[in-house]
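Student: Please read through the structure below; I'll follow up with questions.
The values are calculated or read from the model by the stated rules, or taken from the named source; none is laboratory data. Remember, predicted model here, so these are calculated numbers, not experimental data. Cβ placement follows ideal geometry from the backbone for every residue including glycine, while neighbour counts extend to all protein chains displayed. In case anyone asks, the SASA skips ligands and DNA or RNA and just uses the protein heavy atoms, side chains included. Shrake-Rupley method; radii C 1.70, N 1.55, O 1.52, S 1.80 Å.
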Amino acid sequence: MAKILVATDKPFAAIAVKGIREVAESAGMELVLLEKYTEKSQLLDAVKDVDAIIIRSDIIDKEVLDAAKQVKIVVRAGAGYDNVDLDATTANGIVVMNTPGQNSNAVAELVFGMLVYGARSFFNGASGWELKGKKLGILAYGNVGRNVARIAKGFDMDLYAYDAYTPAAAIEKDGVKPVASTKELFETCQIVSLHIPATAETKGSINFELMNSMPKNAIVINTARKEVIDEAGLTKMFEERPDFKYISDIKPAIDAEFAAKYADRYFSTPKKMGAQTAEANINAGIAAARQIVDFIQNGNEQFRVN
Ligand code: 3PG
């Protein structure tokens, strides 16, 4: 009987786990759960005798893969798979998939929750400003970026986007103005929402020069990955631009320092919350389970990323 391990440091909602179990068991497979683990050794132990693994932002490195002797497939229930060592999985003959789009509405909704919080002075009593009519720049127009645009229209915002891989016409079709570069997006927009993956190309790419080119009362909102921000540049922004705010769903390494020094201009969630809704957990978790069943039973490799 094939065994599927759900290894989630940050657990799915119980209802999502129930759904994942139903998919696995109705396909004649066994489901094993490892939630809220605190030591890597627990993960190393849990992967030993399973055929498939479902993870979230859990780190799957060479050591884990070497311990996972029977594993044929790892599915990241979510979008970004920078937490999986793709070279090592490929070397071990393991298929890696993600579940694109399944949690993107949840992330996009959080953007607006945090944006209103930031624009309203983190509810500290000081007068803030409204989103209506403000220029919002969406950096990368993928599944999350498109949902951000859809919701932003309800706030009557003026929308801009840059995406190196999406044709301008596809962006324009949504009533969003495509710009020619990341530079132009930052120069144009008072608010920039980041939706780029963490890759060799994007890591550290959001630097001081870009952020400092933003108009007055700028907000950068990051629900993507902390690695895309140049933290030295971010520190300089806080020092040199008293009008600048940074709002994040992935704590920068210098979170404590920012929180202490810039409480009225900085906020980060204590734990990444973007995809942490029952709906997103159900969508991504069940999609992951179905992809595993379809791969094991039929060899379907749709959504393979390695
Ligand atoms: C993703 O890449 O899908 C999001 O960052 C969500 O990550 P999480 O599943 O760890 O919350």
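Student: Specify which of the listed residues (ASN298, ASN306) is surrounded by fewer than 18 Cβ atoms within 10 Å (Cβ to Cβ), polar (S, T, N, Q) and either without any contact (Cβ under 8 Å) to a residue 60 or more places away in the chain or in the same structural domain as ILE73 (by TED's automatic domain parsing) (or both).
Tutor: Working: ASN306 fails: either without any contact (Cβ under 8 Å) to a residue 60 or more places away in the chain or in the same structural domain as ILE73 (by TED's automatic domain parsing) (or both).
Exactly one residue qualifies, and that residue is ASN298.
Student: Turning to a different aspect of this structure: Looking at (1) assigned by TED's automatic domain parsing to the domain that holds GLY78; (2) open to solvent by 20 Å² or more (accessible area, probe 1.4 Å), which one does ALA289 not meet, given that it meets all the others?
Tutor: (2)
Student: Something else about it: Of all residues being closer than 17 Å to SER205 by Cα and of a type in the set (D, E, K, R) in the stretch 224-250, which is nearest to the ligand (Cβ to nearest atom)? Just the residue, please.
Tutor: ARG225
Student: Of all residues in the stretch 209-223, which are more than 16 Å from the ligand (Cβ to nearest atom) and open to solvent by less than 20 Å² (accessible area, probe 1.4 Å)? Explain how you work it out, then say what you get.
Tutor: Applying the first criterion (more than 16 Å from the ligand (Cβ to nearest atom)) to the stretch 209-223 yields 209-220.
Answer for the stretch 209-223, where residues must be more than 16 Å from the ligand (Cβ to nearest atom) and open to solvent by less than 20 Å² (accessible area, probe 1.4 Å): MET211, MET214, ALA218, ILE219, VAL220.
Student: Find all pairs meeting these conditions: Cβ atoms under 8 angstrom apart; at least six residues apart or on different chains; first residue within the stretch 250-263 and assigned by TED's automatic domain parsing to the domain that holds MET237; second residue among the acidic types (Asp, Glu) and part of a helix (DSSP H, G or I).
Tutor: PRO252/GLU231; ALA253/GLU231; ILE254/GLU231
Student: Taking the stretch 159-169 as the region of interest, how many residues are open to solvent by less than 40 Å² (accessible area, probe 1.4 Å) and either assigned to a strand (DSSP E or B) or small (Gly, Ala, Ser) (or both)?
Tutor: To start, the set of residues in the stretch 159-169 that are open to solvent by less than 40 Å² (accessible area, probe 1.4 Å) comprises 159-161, 163, 166.
After this cut, where a residue has to be either assigned to a strand (DSSP E or B) or small (Gly, Ala, Ser) (or both) as well, the list is 159-161.
Result for the stretch 159-169: 3.
Student: While we're looking at this one, here's another question. Keeping to the stretch 257-275, report how many residues are surrounded by fewer than 17 Cβ atoms within 10 Å (Cβ to Cβ), among the charged types (D, E, K, R) and either within 16 Å of the ligand (Cβ to nearest atom) or under 22 Å from the mean Cα position of the chain (by Cα) (or both).
Tutor: Adding up the residues that qualify gives 1.
Student: Here's something else I'd like to know. Restricting to the stretch 176-198, name every residue that is open to solvent by 50 Å² or more (accessible area, probe 1.4 Å) and either modelled with pLDDT under 95 or closer than 24 Å to ASN83 by Cβ (or both).
Tutor: Once the filter is applied, which keeps residues that are open to solvent by 50 Å² or more (accessible area, probe 1.4 Å) and either modelled with pLDDT under 95 or closer than 24 Å to ASN83 by Cβ (or both), the stretch 176-198 yields only PRO197.
Student: If you don't mind, there's one more thing I want to ask. Which one is most open to solvent (accessible area, probe 1.4 Å) among residues in the stretch 1-29 that are more than 16 Å from VAL75 (Cβ to Cβ) and part of a helix (DSSP H, G or I)?
Tutor: Here the answer is LYS18.
Student: Among the residues of the stretch 228-241, is there at least one that is hydroxyl-bearing (Ser, Thr, Tyr) and buried (at least 20 other Cβ atoms within 10 Å of the Cβ)?
Tutor: Initial filter on the stretch 228-241 (hydroxyl-bearing (Ser, Thr, Tyr)): 235.
If we keep only those that are buried (at least 20 other Cβ atoms within 10 Å of the Cβ) too, we end up with none.
Scanning the stretch 228-241, I find no residue that is hydroxyl-bearing (Ser, Thr, Tyr) and buried (at least 20 other Cβ atoms within 10 Å of the Cβ), so the answer is no.
Student: Looking at ILE73, ILE55, which one is touching a residue at least 40 places away in the same chain (Cβ under 8 Å) and more than 16 Å from the ligand (Cβ to nearest atom)? Write out each step before concluding.
Tutor: On the way: ILE55 fails: more than 16 Å from the ligand (Cβ to nearest atom).
Testing whether each residue is touching a residue at least 40 places away in the same chain (Cβ under 8 Å) and more than 16 Å from the ligand (Cβ to nearest atom) leaves just ILE73.
Student: Residue by residue through the stretch 82-138, note down the ones that are away from the ligand (no atom under 16 Å from the Cβ), farther than 29 Å from PHE155 by Cα and aliphatic (A, V, I, L, M).
Tutor: Answer for the stretch 82-138, where residues must be away from the ligand (no atom under 16 Å from the Cβ), farther than 29 Å from PHE155 by Cα and aliphatic (A, V, I, L, M): ALA88, ALA91, ILE94, VAL95.
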